[in-house]
Structure formats: structure tokens, C-alpha cells
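First up is the structure itself, then whatever we jot down about it.
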Amino acid sequence: MAGDGRYWLRKDDSEASRASFPELFFDLVFVFALIQLSETLAKDFTFGIASETLLFIFALWWVWIHTTWVTNLLDSEIVPVRLFLFALMFLGIILAIALPKAFSDMGLVFALAYCAMQLSRSLFALYAFRSGDRAAFMTFLRITGWLVVSGSLWIAGGQSEPHLRILFWVAALAVEYTGPVLRYWLPSIGASPPETLDVDGEHLAERCALFVIIALGETILTTGKNASSHLENAATMPVLVLAFVTTVLMWWLYFHHGQEKAAEKAERTSRPQETAQHLFTYCHLPIIAGIILTAVGEDFSLSHPYESGAGSSAVALLGGPALYLAGLGWMRAASSRIVPYAHVAGIALLCAAYLFVSNTTNFLIQLTAAAILLGVAIGEAAAVKWHGPRRSRS
């Protein structure tokens with residue numbers, strides 16, 4: 001059975017489109033990683049730390065989404081794939097443990113754990129496709145070549161001084177994020193032909209939606225934990241209520257209309273690989289980054305609700321929702337070919353609010369952000385009701 005080329009591949013039935021229990025188990029590592037990331041950022045939020053954290057968001061998202069692509073193609077219910085996911089989970093734990101000190105004494109550990117996850121997953125896919133799908137095999141061969149290049153940059157950065165480390169790691173991420181756009185072109189064998197992977201768009205849509213829930217859940221966990229340590233402050237409960245309302249609004253904006261449209265687009269399109277790459281690999285990155293940044297801003301508001309907003313705290317309180325709306329608006333436009341004017345207006349208002357942060361407390365900045373998100377939700381609901389649901393075209 002294991003010698004059959006189809007043994008490793010996803011089965012063609014309705015159940016195969018659902019997220020499997022091994023995949024959900026694998027996601028638990030990223031709950032830990034996101035908590036580590038938020039706590040690291042909240043302890044010392046400066047523009048320098050924010051840039052480093054943005055690098056970690058790019059890295060965590062990339063390793064998760066590409067693992068999801070592989071489990072989208074393979075059968076995660078068979079024993080070899082399950083065992084491999086467990087191995088990736090262990091490496092993910094090492095990655096998350098090293099993350100807070102990745103720019104100090106654990107840079108090489110972080111780089112080695114990240115490279116091990118990326119390369120081992122690609123090599124595993126190569127083995128799985130060795131006799132089942134020649135086109136997919138060649139695609140993963142190209143991907144492996146690109147990961148060898150980026151991996152050398154990760155490891156070189158891990159062995160360098162911190163001021164050089166970030167340059168190596170930015171270059172590594174640039175290589176990895178450019179790869180899909182160039183279809184992993186390599187000398188001699190060229191670029192991968194379009195649509196070489198048998199992608200299940202419905203499965204990818206569900207997996208990305210679950211990751212959004214993970215990120216929102218991490219926001220609730222960190223906010224609740226921080227609120228419990230500031231119970232003596234009279235402002236804690238209003239800030240906690242605002243934080244919860246903001247999280248609910250983010251959930252509503254993603255799931256009430258947009259996620260369904262993205263899933264329909266991915267399922268009905270005649271170009272599933274290209275569409276999935278656009279909707280899920282790239283569009284979801286600012287969505288996740290926005291949620292994480294919002295959680296950090298809420299921590300500032302809990303700790304210092306009546307202080308005048310500093311530039312850094314305002315970037316989190318206003319920039320997080322703005323980044324979230326930008327990613328969500330991008331996904332809306334890509335899936336329905338309709339410009340989400342409510343999202344555009346919300347981003348403009350959040351940017352305008354930044355001009356007044358020096359004379360405004362953190363609590364009022366947080367309240368402003370929540371009010372703008374509510375306005376976007378109302379505006380979007382009105383637009384849907386006015387125009388009626390429009391089915392996206394392939």
C-alpha cells in the first residue's frame with residue numbers, strides 16, 4: 001500500500017476538504033508561538049522591536065501556510081504524515097522557545113529550528129510525490145532549491161551579530177516570499193508551470209479561517225491574563241470590555257461575509273493554485289499581523305489607560321486595526337471583485353486619528369479604533385444589503 005503513489009495523496013471525497021485532527025493538533029504550537037510573540041512585543045515596544053517582530057510574523061506565517069499547503073495535498077490521516085506533523089510540532093516548540101531571544105543568544109537555535117521545519121517539510125513532500133505526481137514532484141524540487149538558498153541566509157544570520165542578523169534574515173524572507181511569484185525558477189529546469197498542484201481551495205479556506213480564530217483566541221488569552229494583573233485599576237474593566245468588543249468585531253468582519261466569499265472563490269475558480277496563493281498565502285498575512293499588533297495595543301491600554309498616547313502605543317492601537325482592514329479589504333476585492341469602500345474609509349479614519357494621539361489617552365485611542373471598526377462593520381452590512389450578495393466569477 002505504501003508503495004502506491006496515491007497512498008500519500010489527499011483522498012477525493014467531501015471529508016478530505018475538512019481540517020483533520022492532526023492538523024488541528026499541529027496548530028497548537030502556533031498558539032504558543034503567537035503568545036510568545038505578543039508578550040515579547042508588549043514588554044518593550046519600540047519601532048526597532050516592532051520591525052523585528054514583523055520579521056517574526058512573516059516567518060511564523062510562512063512556515064504555517066506552507067505546511068498547510070502540504071497537508072492540503074497529502075492525506076494527514078495516514079500514519080507517516082501524522083508522525084511527520086508531530087515532528088514539525090516539536091521543532092515548532094523549539095522555534096517558539098527561541099523566539100524571544102532570537103536577536104540575542106538564541107539566534108542560531110531559532111534559525112536552525114526554522115530551517116529544519118522548512119526543508120524537512122519540502123523533502124517529505126518530495127518523497128511523497130516521488131511516484132504519484134511528476135509535476136508536483138518537480139515543483140517541490142524547485143521549492144527545495146529555493147529553501148536551501150534562504151536556509152543558508154537564516155543560518156548565516158543566526159551566527160552573525162544582531163545588527164547584521166536582521167539583514168540576513170530579511171534577505172532570507174525576501175527569497176522565500178519571492179519564490180511563489182517567480183514560480184520557483186531554477187537554472188536549467190526553469191520555472192514551475194502554472195497549476196501543477198492539485199489544490200483543494202475549500203480546505204485551504206477553512207485552515208486559514210481556523211488560523212484567524214487562533215490569532216483572535218490568543219488576543220483573548222493575553223488580554224485576560226493582563227487584565228487579571230491590573231484588577232486594582234478602575235479603568236481595567238472598561239478597557240477589557242473594549243478589547244473584547246474589538247475582538248468580536250474583528251471576528252465579525254472576517255466571518256460574517258468575507259470568509260465565505262473567499263471560500264467560494266477558491267472552490268469555483270478555474271485556477272485553484274493561483275487563486276489560493278493570492279487569497280490565502282498573501283492576503284492573510286496582514287490580517288494575522290493586524291490581530292497581533294492590536295493585542296499588543298490593548299496590553300498598553302490595560303497597563304497605562306490614562307497616559308497620553310505615545311507614538312509606539314498608537315501604532316499598535318490604530319495600526320493593528322488598519323493593517324487588519326487592509327488585509328481583509330484585499331481579500332474582499334480579490335474574491336468578489338468589488339472595492340470594499342467601508343474598509344478603505346476605516347483605514348483612512350484610523351490614519352487620521354493618529355494625528356491626534358499626542359493629546360489623547362490610550363483608552364480614548366482604543367475607543368476610537370473600536371468605534372471605527374464598528375462603523376466599518378455597519379457600512380459593510382449596509383453595502384451587502386444594498387447591492388445584494390454577488391457571486392464572484394472565476
Rounded if a/c is under 1.5, else prolate if a/b beats b/c, else oblate: with a ≥ b ≥ c from the C-alpha gyration tensor eigenvalues square-rooted, which is the stretch 163-280? oblate
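Accessible area per residue of the stretch 71-210 at 1.4 Å probe, in Å²? Don't skip to the end; give the middle numbers.
Values: 5780 Å² over 140 residues.
Here the per-residue accessible area is 41 Å².
Using 0.36 nm times the number of residues separating residue 386 and residue 54, minus their current alpha carbon distance, what extension gain do you get? Write out the running numbers ahead of the final one.
Numbers: separation 332, 0.36 × 332 = 119.52 nm, distance 3.79 nm.
Length gained between residue 386 and residue 54: 115.7 nm.
Under the definition of Cα pairs under 8 Å and six or more residues apart, what whole-number percent is the relative contact order of the chain?
16
I need the peptides 190-203, 135-148 ranked by packing, meaning the mean over residues of other C-beta atoms within 10 angstrom, with the highest value on top.
Highest-to-lowest ranking by the protection proxy: 135-148, 190-203.
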When all C-alpha to C-alpha distances in the stretch 106-199 are sorted into bins of 5 Å, what percent of pairs does each bin hold, rounded to whole numbers? 3, 14, 22, 21, 17, 11, 7, 4, 1, 0
Each label point is 7 Å from the Cα along the Cα-to-Cβ direction; what then is the distance between the points at residue 221 and residue 28, in nm? 1.1
So for each of 18-29, 116-127 I average, over its residues, the number of other beta carbons within 10 Å; can you give me the resulting order with the highest mean first? 116-127, 18-29
Enumerate the amide H contacts of residue 74 below 5 Å, restricted to partners 5 or more residues apart or on another chain; note that Pro and chain-start residues carry no placed amide H. 10
Could you please put 8, 185 in sequence from largest to smallest accessible area, using a 1.4 Å probe? 185, 8
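With a 1.4 Å probe and all protein chains left in place, how much accessible area per residue does the stretch 228-366 have, in Å²? Don't skip to the answer; put the middle values down first.
Numbers: 5570 Å² over 139 residues.
In whole numbers, the stretch 228-366 has 40 Å² accessible per residue.
Once you have the Cα-Cα distance between residue 163 and residue 134, take 0.36 nm times their residue separation minus that, and quote the gain in nm to one decimal. Working shown, then result.
Numbers: separation 29, 0.36 × 29 = 10.44 nm, distance 4.30 nm.
Working it through step by step, the gained length comes to 6.1 nm.
Work out which helices of the chain, taken as complete DSSP H runs, extend at least 24 Å along their axis over the Cα atoms and score a mean Kyte-Doolittle of 1.0 or more, then list them. The partial results should precede the final answer.
Values: long enough: 21-43 (34 Å, 1.24); 47-73 (39 Å, 1.16); 79-98 (29 Å, 2.50); 107-128 (31 Å, 1.35); 134-158 (35 Å, 1.05); 162-181 (29 Å, 0.95); 201-228 (41 Å, 0.56); 236-253 (25 Å, 1.94); 284-303 (29 Å, 1.25); 311-336 (35 Å, 0.86); 362-387 (37 Å, 1.25).
Going by DSSP H runs, the hits are 21-43, 47-73, 79-98, 107-128, 134-158, 236-253, 284-303, 362-387.
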For the stretch 242-329, with equal point scatterers placed on the C-alpha atoms only and solvent neglected, what are the log10 I(q)/I(0) values from the Debye formula at q = 0.12, 0.21, 0.25 1/Å, to two decimals? -0.43, -0.95, -1.18
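With a 1.4 Å probe and every protein chain kept in, tell me what percent of the accessible surface of the chain is carbon plus sulfur. The partial results should precede the final answer.
Numbers: 11480 of 16820 Å².
Accessible surface attributable to carbon and sulfur in the chain totals 68 percent.
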Which far-off residues, 5 or more places away or on another chain, put their amide H under 5 Å from the one on residue 338, with H placed in the peptide plane? none
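Quote the Stokes-Einstein diffusion coefficient, in whole µm² s⁻¹, for the stretch 52-169, based on the Kirkwood radius over alpha carbon pairs, a temperature of 37 °C and a viscosity of 0.692 mPa s. Each step should come with its number before you reach the end.
Details: Rh = 14.8 Å.
Reported coefficient: 221 µm²/s.
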Calculate the spin-label point distance for residue 341 paired with residue 120, positioning each point 7 Å from the Cα along the beta-carbon direction, and give it in nanometres. 5.2
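The values are calculated or read from the model by the stated rules, or taken from the named source; none is laboratory data. Please read all numbers here as calculations on a predicted model, not as lab measurements. For neighbour counting, all protein chains shown are included, and Cβ atoms are generated from backbone atoms with ideal geometry for every residue, glycine included. We work out accessible area using only protein heavy atoms, side chains counted, and drop any ligands, DNA or RNA first. Shrake-Rupley method; radii C 1.70, N 1.55, O 1.52, S 1.80 Å.
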